[in-house]
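The values are calculated or read from the model by the stated rules, or taken from the named source; none is laboratory data. Since the structure is predicted, the reported quantities are computational estimates derived from the model, not experimental observations. Cβ coordinates were reconstructed from backbone atoms using ideal geometry, including for glycine residues, and neighbour counts include every protein chain displayed.
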């Protein structure tokens, strides 16, 4: 990676690049577009162990928005990963059951394009979205429900029972199937952007300022971590070069090289506050800090501004989602516990 | 009302009613259908002081779902009046900012068909939805935002500024205009049901059991309060005849005749728990209690069951709502306060 990067920097710096050369440089640097071809996209986002079907995605959407999957009846996946506001919650540390802040002061990462991350959670402890979805439902400071209560709640609603029967060969409702369905829906939350159009050959999809910013982004080495179709998503040491300015907030103390999942830069203008501990609200400040902490570079204000301009091209089109009408509780549905 | 009711009971009891006679009896008893004619519906739900326009409704929808209208960034109108689950929250007493329960232990009433209520809030202190919408945003145990912060938040997002300019002649964003827009959206949340079809002349829209239940509903006098197009919505003494069984929960102590807004019975099978204090989870129990408390009648199990069967015909078709993609915060947007 380092060698490729160095060569890329040399190549990009030496000449004023034409658009098609810049596409080549970006591609060589590892940046990839979300496929426009439906079959190619489906292949990329599918999980061989949990194949996508339209029925499973629809069921997963319902469960994603269903507050009855929390102990209190008040919190859904969408509470912290709100699809209306970039797939995040707009607060520094996630807040869940009984208004409890995340004990490690961790910020809710966006669910949009999370399918492109190599691992899930900031510490990468989960291999995929299906596995990840099991965590927050059960976590005491998040949705705080037991597997048993989740299954009992869903199983008590005839419309859900019928839908599970349609989606899964056996109608048996399990916690794993609930999470698998949610994971399937989340896999579809991809947001093609002007940058994807550009990578796919549409030279006019980026403004000149965005192209210039892309060049700075590549030249400075941001692309060494923020790469691939996720423009992020691998595990990397953090901080890599210099201490993290806000290491006093949350669990990553900055006194050693912790491995942290690189967040996607897709829709980054919509997902403040930034970093694993949500310590920074300004995208410009975030860019500057990353330059120092991860690349050992003191980016000029102009470079920061230019990179930020490129990042606006990563704001993508969100899938259209009909807000679901959920199955109705019955008298046997376990009651909410708000204490 | 009492005289009409007595006559209705006599008329309904004396003979086995044909469907068209039952429609007449129901109409005479004051039950009204949601108009099928678009112009008639618009006339019914419009507010002369806040005329509905498609642009205002769309803006109102965005604001209704916007969590940034709460102090914390975590609570929207939709949190307590969740359109996915009958326009309610599925908990006994509403829970808001910092997980504070409603201090009067009041249950969140459904927003669906709230436009048909003569007054808003359980105590009827608000004349319409535009006025009502101002309350929960500011209430400390709900969204807890100040008028100033609400206006600053919305004004800081260019996409909102543009949308307000399109909707209102002057582009000046005020707290009143925010609430007016939300109220406009809420006015559209009406849910035509099989019972409306029946009242409009489709005799087959109700099953025989539902027709029988409607007759019991009218005969027993439920219709004296649950009437009109809202099938509820007027202010009535509560308890009227006997003490309320759960008067120990919340502020209505049952030691005097308090005036309480009659909740709509539309979608009642979807809006548990019941009553102003959300004390009752079973619809059958709620029907039985109403018979005792309000009508002084000891309804038989069969009568309760029959009324409940009729009530299922009030479950209506919800409007299709595209989950909105909301304007993005900027660096000048006032930050959330979760404390």
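Yes or no, residue by residue, for (1) in the same structural domain as residue A:101 (by TED's automatic domain parsing); (2) on the phi > 0 side of the Ramachandran plot; (3) free of Cβ contacts under 8 Å to residues at least 60 places away in the same chain; (4) part of a loop (DSSP other than H, G, I, E, B):
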residue: A:213; (1), (2), (3), (4): no, no, no, no
residue: A:226; (1), (2), (3), (4): no, no, yes, yes
residue: A:233; (1), (2), (3), (4): no, yes, no, yes
residue: A:259; (1), (2), (3), (4): no, no, no, no
residue: A:266; (1), (2), (3), (4): no, no, no, yes
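Note on region B:52-88: residues that are surrounded by fewer than 24 Cβ atoms within 10 Å (Cβ to Cβ), closer than 29 Å to residue A:328 by Cα and more than 14 Å from every other protein chain (Cβ to nearest Cβ) total 1.
Condition check: out of contact with any helix residue (DSSP H, G or I) (no Cβ under 9 Å at 6 or more places or on another chain), more than 9 Å from every other protein chain (Cβ to nearest Cβ), surrounded by fewer than 22 Cβ atoms within 10 Å (Cβ to Cβ) and at pLDDT 95 or above. Does residue A:43 satisfy that?
Yes: the conditions hold for residue A:43.
Of all the listed residues (A:286, A:272), the sole one being surrounded by fewer than 23 Cβ atoms within 10 Å (Cβ to Cβ) and within 23 Å of residue B:338 (Cβ to Cβ) is A:286. Taken over region A:122-136, residues that are at pLDDT below 95 and touching a helix residue (DSSP H, G or I) at 6+ places or on another chain (Cβ under 8 Å) amount to 0. Looking at the structure I just gave you, is residue B:278 within 30 Å of residue B:144 (Cα to Cα), in the same structural domain as residue B:234 (by TED's automatic domain parsing) and at pLDDT 95 or above? So residue B:278 fits the description; yes. Let me confirm something: among A:280, A:262, which residue is within 23 Å of the chain's Cα centre (by Cα) and within 14 Å of chain B (Cβ to nearest Cβ)? Going through A:280, A:262 in turn, just one is within 23 Å of the chain's Cα centre (by Cα) and within 14 Å of chain B (Cβ to nearest Cβ): A:280. Checked against (1) in the same structural domain as residue B:134 (by TED's automatic domain parsing); (2) within 20 Å of the chain's Cα centre (by Cα); (3) surrounded by fewer than 18 Cβ atoms within 10 Å (Cβ to Cβ); (4) over 13 Å from residue B:185 (Cβ atoms), residue B:49 passes all but a single condition, namely (2).
So that you can scan it fast, the table gives a plain yes or no per residue for (1) buried (at least 17 other Cβ atoms within 10 Å of the Cβ); (2) at the interface with chain A (Cβ under 10 Å from one of its Cβ atoms); (3) modelled with pLDDT under 95:
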residue: B:242; (1), (2), (3): no, no, yes
residue: B:245; (1), (2), (3): yes, no, yes
residue: B:250; (1), (2), (3): yes, no, yes
residue: B:254; (1), (2), (3): no, no, yes
residue: B:268; (1), (2), (3): yes, no, no
residue: B:295; (1), (2), (3): yes, no, no
residue: B:313; (1), (2), (3): yes, no, no
residue: B:324; (1), (2), (3): yes, yes, no
residue: B:339; (1), (2), (3): no, yes, yes
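Restricting to region B:130-144, count the residues that are over 24 Å from residue B:49 (Cβ atoms) and buried (at least 17 other Cβ atoms within 10 Å of the Cβ). Residues that pass the stated criteria total 3. For beta carbons closer than 7 Å, sequence separation of 6+ or different chains, a first residue in region B:159-177 that is over 18 Å from residue B:69 (Cβ atoms) and a second that is surrounded by 19 or more Cβ atoms within 10 Å (Cβ to Cβ), the qualifying pairs are B:171/B:164.
Among the residues of region A:89-126, the ones that are more than 10 Å from chain B (Cβ to nearest Cβ) and under 13 Å from the mean Cα position of the chain (by Cα) come to 17 in all. Out of B:131, B:89, B:170, B:180, one residue alone is in contact with a strand residue (DSSP E or B) (Cβ under 9 Å, 6 or more places away or on another chain) and over 25 Å from residue A:326 (Cβ atoms). It is B:131.
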